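These notes are about the structure you will find just below.
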Amino acid sequence: MPANSDLPRKPGKTIMQWILAILVNTTMFTYGLQAGWISPMTKVLQSKTSSVVDQPISDASLTLIASTMPLIAVLGVPLCSYLADRYGRRVGVLAVAVPQALCWIIKIFTTSVPGLLIARIFAGIAAGGCFCITPMYVKEISQDNIRGLLISLMGLNQNLGFLFMYTMGAFLNYYTVLWIVVWLPLVLIVLLIKVPESPAYLIKLEKYEAAASNIALLRGRKPDDKEVVYEIDCMKNEDTYFKSLPDVSFSSILKTKPWRKGLLLLLLLITVQAGNGCFAIITYASSILVGSGVTLSPDIQTLSIPAVMIIGSVFSIACVEKVGRKLLMSSTFGITVVSFLCLASIILVQHQGGSVPGWLSVMSIIAAVWAYAAGVAPIPYVVMAEMFNFQIRAKVLGCIVTYAWFISFVQLFAFTPISNALGAHTMFYCFAGINLLGVFVTLVLVPETKGKTVEEITLLLAR
């Protein structure tokens, strides 16, 4: 592995990096809109007096429509990862934006169950891709001192999408919402024509002049600036080292200690993150609150969850480059442990006939959801994007994100039957244990990646 140079690094201008990160993260905003669409539109699609549908959609059909997206996302990850690795990161972002647009277009023209299923299939392809391609592209255009901050924008955009959809669904009619949101991916597709390709991907293709030009554009420098030349030389050295190795496969990744260790650490971290229980909280918040004796206005109840998540996302963006990845992840996992222990105990006391103030349940859920948005959800993706050589990044991220979608599906699939059989308190005690494992994994096993180059992170993993 090439040694890291001791040349002092002078950060370049960041305005272009911010513009591109915000632009590409509109895929995450659209994902939030599409993931949140079912909740406010259920009353319209199942209404007997609605002019939107010829006849109300059954519970079974609506469940099938809702669950299609996370299931298809498992297939969307390898598809978008292949396109990003084979044809470029910009094509990978297009592979997300195009099906996002098709999802809304189909919904404008049909409300039949088959039509909505096809629309959700396109949404699932995009959902799988955006969690892999978006952080990958943002990482590869960002300089080290702001990359964590820019990657963290994905969580904020996702939660803003939830909030916007819930708000529009509460006050606007079905087709007005669709005509508003369809333009976002369409405009992104047009703008992607001018988006610069990732310099790292251009180095992989040995297009060194184009890579230097893009680095200069992103850093606000000239192509022959010594800092631009330094970055290009680092990526060339990395590329040369990579090409000296045999063809990379998952077998060779597992045989290389730093890559194997990084992959196994991230799989363990994602197991904890995707199965920590907050996805179930977000999905079943209404029934959990009602089961805890809390009665709120449906609109307030719906809007409160994404509002709290947005606050958490803003906190994450403000702190990720100041306190580091390990502290932010471990502390938010710890907050979730306390929250779920409290919520489980409340449900258990009520199950045994005791009485507990309803605000305790609300505070427990708010604390858990806030912690999820502030660190548990976004920071593993920051670490994931920072940890691997750009030559294997698409392959490894595709594998991990596919696994994350599968664990999320398992969590949702298992929550209701286990809660019905053993009690909801049992599930939340289990979730508390999973988050406690997350504290241990983060503090003891995961290396701090803040401000470190891939070479430095690789050396840490090689120990």
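Listing for the model above:
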item	result
From the coordinates shown, mean projected area of the Cα convex hull in nm² corresponds to which of (i) 32.7; (ii) 19.5; (iii) 21.7	(iii)
Overall form of region 120-279 per C-alpha gyration tensor (a/c, 1.5; a/b vs b/c)	oblate
Whole-number percent relative contact order across the chain, with pairs defined as alpha carbons under 8 Å at least 6 apart	23
Using alpha-carbon coordinates, inclination of helix 390-422 to the longest axis of the chain, degrees	20
Peptides 135-146, 183-194 ordered by average Cβ neighbours within 10 Å, highest first	135-146, 183-194
Members of Lys222/Lys261; Lys257/Lys450; Lys236/Lys326 lying beyond 27 Å, as alpha-carbon distances in this model show	Lys222/Lys261; Lys236/Lys326
Three-way shape label, region 137-213, alpha-carbon gyration tensor, a/c 1.5	oblate
Region 253-270 versus region 130-144: alpha-carbon centroid distance in Å	20
At 0.890 mPa s and 25 °C, Stokes D of region 46-120 from Kirkwood alpha-carbon radius, µm² per second	176
Cα shape, region 5-95, gyration tensor, a/c 1.5 rule	prolate
FRET E, pair Asn173, Ser61, Förster distance 22 Å, beta-carbon r, rounded to 0.05	0.50
Residue-span extension gain [Phe242 to Ile19] - 0.36 nm each, minus C-alpha spacing	77.2 nm
Helical contribution to [θ] at 222 nm, DSSP H n ≥ 4, -39,500 (n - 2.57), averaged over the chain, rounded to 500	-25000 deg cm²/dmol
Estimated vicinal HN-Hα couplings, Hz - region 158-173 in sequence order (Karplus 6.51, -1.76, 1.60; Gly, Pro = x)	4, 6, 5, x, 4, 5, 5, 5, 4, 5, 5, x, 7, 10, 10, 7
Those aspartates and glutamates that a straight Cα-Cα span of less than 12 Å connects to Lys43, excepting residues fewer than 8 apart in one chain	Asp59
Long-range tail of P(r) for region 1-160 (Cα pairs > 28 Å, %)	32
Efficiency of FRET between Val52 and Val187 - r from beta-carbon atoms, R0 22 angstrom, step 0.05	0.30
Inter-label distance for Glu206 and Leu459, nm, one decimal - labels placed 7 Å from Cα along Cα-to-Cβ	3.0
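Here, each number is a calculation from the coordinates, and none is a lab measurement. Note that the coordinates shown come from a computational prediction; the quantities given were computed from them, not determined experimentally. Using ideal geometry, Cβ is built from the backbone for each residue, glycine included, and neighbour counts are taken over all protein chains shown.
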